[in-house]
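Just so it is clear, none of the values below were taken in a lab; they were calculated from the coordinates. Just so it is clear, the structure is predicted and the values come from calculations on it, not from any experiment. Quick reminder, even Gly has a Cβ in these numbers, built from the backbone with ideal geometry, and neighbours come from all protein chains shown.
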Amino acid sequence: MLPAAEKGDLLQSVQRALTVLSLIAENPQGLSARDVSRALRLNISTCYHILNTLQASGYVDRHAGSQIYQLGPQIPFLNNAFVQGLTQQEATSAFAAEKALSSLFTSVSLVNHLRPLLYRLTEQTQEPSYMACWRYGEIVLQSIVEPPNAQKITQLYVGYRGQAHSHALGKVLLAYSDPMIVEQYLLSHPLTPLGPNTIVQRSRFIDELNDIVRQGYSVDREEFLPDTCCIAAPIFAPRGQAVAALAISFTPNLLMKRSEWLVTQVTRAANHARAELRAASVYS
């Protein structure tokens, strides 16, 4: 988030274009210019100017004979550059959990090493699975594995950061962080409401973190999104630092019916991940 003094330097035209791009990303099936106009309350001619500019640069694409715009071929290029940047800059962090991770794995190599566990977790539960870790003072989503018929959560993507107080991955990594890190994070990240059950009271949120440590996992009960719940567990390095977390998402109805089974699947996968890290040659 930019400091207030810098907000006057923002270009409204660029902000509008990025807002249009984000809206299209949230609707993988594509949108017409009129769809964009209605959703963002922009003049239709303005929408066409923005979409044509984005299309000319490769950020959106419109198939011949169709008025539907989707993300363009330049987006994977940006994502690849983002992932490469994570790898190259990892050793600069001042956070203890990040140092513990970067001295052993980069976040990218950690994900590559543990991704088979995510596939196994998704296969067992038939629910999307995720992995996240600290990066530069932010909790960053590093990997997503989705079963074929799962409904995609478009708000989540590799590289997503922010609002850690509202989702299970963020809460579990905060819970196992030094209290000074938690304090620093909360100073720069207000407890803003996102889902119907987001915890926005500071004292209650601290109690939630303490409960997570006592039980060994975290639960998001529609705190990030309506109709979406999540369970996450920490992944510990051999010396005991929580260097990452994994999770699955599912419907509130499934949480009511099979909560114990879901917790078992997630915590078991996290324990397997710890065993994998202990056995990795880099730790020898």
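So what is the calculated 222 nm ellipticity per residue for the chain, using -39500 (n - 2.57) for each DSSP H run with n of 4 or more, over all residues, to the nearest 500 deg cm²/dmol? Working shown, then result.
Working: 10 runs with 137 residues, N = 284.
Per the formula, -15500 deg cm²/dmol.
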* To do: For ASN52 paired with LEU18, estimate the spin-label separation in nm (one decimal), with each label point 7 Å from Cα along the Cα-to-Cβ line.
  => 2.5 nm
* Asked: Taking K and R as +1 and D and E as -1, what net charge do the other residues with C-beta under 15 Å from the C-beta of ARG41 add up to?
  -> +2
* For the chain, what number results from the quotient of the Cα radius of gyration and 2.2 N^0.38 Å? -> 1.07
* To do: Compute the acute angle (0 to 90°) between the alpha-carbon long axis of helix 12-25 and the principal axis of greatest extent of the alpha-carbon atoms of the chain; round to the nearest 10°.
  => 60 degrees
* Once you have the alpha carbon radius of gyration of the range 10-72, what is it after dividing by 2.2 N^0.38 Å, with N set to its residue count? -> 0.99
* Could you please report the charge total around LEU194, scoring K, R as +1 and D, E as -1 over all other residues with beta-carbon less than 11 angstrom from its beta-carbon? => -3
* Give the angle, between 0 and 90 degrees and rounded to the nearest 10, that separates the Cα long axis of helix 74-89 from the longest principal axis of the Cα atoms of the chain. => 30 degrees
* Structure fact -> Expressed to two decimals, the range 229-284 has a Cα Rg over Rh, using the Kirkwood radius, of 1.10
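Within a Cβ distance under 11 Å of HIS272, other residues only, what is the Lys/Arg minus Asp/Glu net charge?
Spelling it out: positives minus negatives among the neighbours equals +3.
Quote the FRET efficiency, to the nearest 0.05, computed for GLN215 versus GLU26 with a Förster distance R0 of 30 Å and r equal to the Cβ-Cβ distance.
Given R0 = 30 Å and the Cβ-Cβ separation, E is 0.35.
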* Note the angle between two axes, namely the Cα long axis of helix 202-215 and the longest principal axis of the Cα atoms of the chain, as a number of degrees from 0 to 90, rounded to the nearest 10. => 50 degrees
* Where the Cα pairs of the range 137-282 fall when distances are cut into 5 Å bins, in % -> 2, 9, 19, 24, 22, 14, 7, 2, 0
